[in-house]
Amino acid sequence: MQPIAFCSRCRGMRVGWNARYILHCLSCKEWLPKSTKLLILTILLSVIVLGFPTPSAYVFSGRSPAQGIHEAGFDLPLLGAIDPAVRSMKTFLKRYNVDEAHCDRIASAIVKSSRKYDLDPKLIASIMIVESGANPFAISHLDSIGIMQIHLPTWGTTAEEEGINLFKIEDNVDFGVRILKNYVRRFGLWEGVKRYNGLSAEKPDSAQAADDYLAKVQNIYGPEKSARSSEFLGN
């Protein structure tokens, strides 16, 4: 049976590891130095504080502050370096009233594909604007689909075999620029652009339509840039 201790301040209590007796030993009896009492109190407070989650818990969890803020239900814009080429392309697209909801993705896709296939991003954007007005869901009466108007009778099988989603901005842009690059490599810059529109030796009546199409593209691309490109490539 545990002995009972009596204190004029704490009254009767059981001797042992219980809250009343421990507090009595710390606050009433003098068998512990004050420095030791202070240390014990500090440890007890630390255990209580660390036992509950705090807003800064993400610092010790391996997560970034942005992740912690997001998981807490706050969406803040992340600051980062924006590619100057993408920023410039967005400005160009807005000049032609491209849908703001898709503008970021379109600009990024154009810049990425232009670097991949070594073509001027402004030329790609000019063709896109003439083809579809930069509408990712455009479908023509000639069965051309998406933002770069991929002609299904010609390229549909390839797109299906390669798992290309022609209604996805990034897929359609990359596939369209790949087709354009192939024509440019074979026929030169402006003849390649005409071929992209459907110019064919087997269709004599397509020549006028291709010339009209090229004029529209060059008008958006810019007379000065068109002249320099023709001079450089010998077209």
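Test of understanding: ordering S114, S140, S206 by Cβ neighbours within 10 Å, fewest first, what list do you get? Numbers along the way, then the final one.
Details: S114 21, S140 12, S206 17.
By the 10 Å Cβ count, ascending: S140, S206, S114.
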Return the long-range amide H neighbours of S144 (sequence gap of 5 or more, or a different chain), with a cut-off of under 5 Å between placed amide H atoms.
L152
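Please compute the volume of the convex hull spanned by the alpha-carbon atoms of the range 103-221 and report it per residue in Å³. Walk me through the numbers before you get to the answer.
Numbers: hull volume 11.8 nm³, N = 119.
Measuring per residue, one finds 99 Å³ for the Cα hull of the range 103-221.
Pulled fully out, how much extra length does the chain show between E170 and N219, if you take 0.36 nm times their separation in residues and subtract their Cα-Cα distance?
Working: separation 49, 0.36 × 49 = 17.64 nm, distance 2.52 nm.
Once the chain is fully extended between E170 and N219, it gains 15.1 nm.
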Surrounding net charge for E162, when Lys and Arg each add one and Asp and Glu each subtract one, Cβ distance under 13 Å:
-2
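Values in this text are rule-based calculations from the coordinates and carry no lab data. The structure displayed is predicted, hence computed values, not measured ones. Counting neighbours? That spans all protein chains shown, and the Cβs are built from the backbone with ideal geometry, glycine included.
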